[in-house]
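The values are calculated or read from the model by the stated rules, or taken from the named source; none is laboratory data. Here the structure is a predicted model, which means the values were calculated and not measured. Note that each Cβ is placed from the backbone with ideal geometry, even for glycine, and that neighbours are counted across all protein chains shown. These area figures cover heavy atoms from the full protein model, side chains too; ligands, DNA and RNA do not enter into them. Shrake-Rupley method; radii C 1.70, N 1.55, O 1.52, S 1.80 Å.
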Amino acid sequence: MSIKEIIKVPNPFLKIIAKKVLVIDENILVLLDDMLDTMYNANGIGLAATQISEDKRLIVMDCGLTNLEHDDMSEEEYNKNVESNKIEPCPLKMINPEIIYYSSNITEREEGCLSIPGYNAQVKRPESITVNYTDISKNNITLEANGLLSTCIQHEIDHLNGVLFIDHISRLKKEVILRKAIKEFTNDK
Ligand code: NI
């Protein structure tokens with residue numbers, strides 16, 4: 001178990017298209033554990049391998065397990081529920097995830113990213129999806145997701161294709177965020 005460095009914009013590695021994982025061996029399992037540790041340590045709910053400079057199609061997430069519907073829950077409400085322990089941890093590890101269905105319904109949710117920490121924006125995405133992936137026991141899993149989990153899966157798979165949440169917002173908003181973020185992240189080095 002170890003915490004890895006999360007790279008930030010404008011690191012060019014965030015733009016790569018990650019390679020498919022062909023062999024699920026001990027190294028991959030350790031890497032997935034490290035990704036979860038790194039994500040929890042940074043108080044994130046999702047992390048893609050490319051964010052820790054690994055060229056592999058791997059994502060981890062924890063959107064929690066709750067009886068409450070995620071659909072209408074804002075990030076603020078979600079965080080309140082986490083603080084008051086209304087949400088149980090629910091770590092998810094996905095190898096070679098691929099979205100095979102997108103709903104035509106679109107929803108808007110506030111997103112942030114550990115590679116652009118401190119900057120958020122409202123992002124429109126399909127409300128629900130179906131994702132295929134391989135789990136750590138090499139089973140092929142098909143999962144239907146909506147609400148926060150759907151957003152999170154789409155956000156993390158975007159990372160594997162070199163896409164950031166700011167690529168889904170207006171050019172002007174994107175430029176404002178990028179300019180500020182790059183200035184901030186390159187100044188504190
Ligand atoms: Ni992100």
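Order the following by accessible area, largest value first: 76, 83, 184. Probe radius 1.4 Å; ligands, DNA and RNA are ignored. Walk me through the numbers on the way to the answer.
Working: 76 130, 83 150, 184 85 Å².
In descending accessible area the options line up as 83, 76, 184.
For region 94-189, report the accessible area per residue in Å² (1.4 Å probe, heavy atoms, rounded to an integer). Intermediate values should be presented prior to the final figure.
On the way: 5090 Å² over 96 residues.
Value returned for region 94-189: 53 Å² of accessible area per residue.
Starting from the Cα gyration tensor of the chain, multiply each eigenvalue by 5, take the square root, and state the resulting semi-axes largest first in whole Å.
Values: eigenvalues 104, 91, 59 Å².
Rounded to whole Å, the semi-axes are 23, 21, 17.
Please quote Rg/Rh for region 86-189 to two decimal places, taking the Kirkwood radius as Rh and restricting both calculations to Cα atoms. Walk me through the intermediate numbers first.
Working: Rg = 15.5 Å, Rh = 15.2 Å.
With Rh from the inverse mean 1/r over Cα pairs, Rg/Rh is 1.02.
Which whole-Hz ³J(HN,Hα) couplings does region 137-152 yield from phi under the Karplus relation 6.51 cos²θ - 1.76 cosθ + 1.60, θ = phi - 60°, glycine and proline marked x?
9, 6, 7, 8, 10, 10, 10, 9, 9, 9, x, 4, 5, 4, 4, 5
Tell me, what % of the accessible area of region 10-55 is carbon and sulfur with a 1.4 angstrom probe?
Numbers: 1310 of 2360 Å².
That share works out to 56 percent.
Need the list of aspartates and glutamates near residue 8 for cross-linking: C-alpha distance under 16 angstrom, and skip anything on the same chain fewer than eight residues off.
Of all the aspartates and glutamates, those that pass the test against residue 8 - Cα under 16 Å, at least 8 places apart if same chain - are 54, 55, 111, 156, 158, 167, 175, 184, 188.
Lysines near residue 15 by alpha-carbon distance under 24 Å, same-chain residues fewer than 8 away left out - which ones?
Reachable lysines: 4, 56, 93, 124, 173, 174, 180, 183, 189.
Can you give me the P(r) profile for region 1-107? Cα pairs, bins 10 angstrom wide beginning at 0, each as a whole percent.
Here the calculated profile for region 1-107 is 13, 37, 35, 15, 0.
List the trypsin sites (Lys or Arg not before Pro) in region 85-150 that DSSP assigns to loop (not H, G, I, E or B) and whose Cβ has at most 10 other Cβ atoms within 10 Å. Which are they? Spell out each step's value before the answer.
Values: sites: 86, 93, 109, 124, 138; in loops: 86, 138.
Passing both the DSSP loop test and the Cβ count: 138.
With the contact rule set at Cα under 8 Å and sequence spacing of 6 or more, what percent relative contact order holds for the chain?
Contact order relative to length: 24 percent.
Starting from the Cα-Cα distance between residue 3 and residue 139, subtract it from 0.36 nm times their residue separation and give me the gain in nm to one decimal.
Numbers: separation 136, 0.36 × 136 = 48.96 nm, distance 2.69 nm.
Roughly 46.3 nm would be gained on extension.
Ordering 167, 34 from largest to smallest accessible area (1.4 angstrom probe), what's the sequence?
Values: 167 65, 34 10 Å².
Sorted by accessible area, descending: 167, 34.
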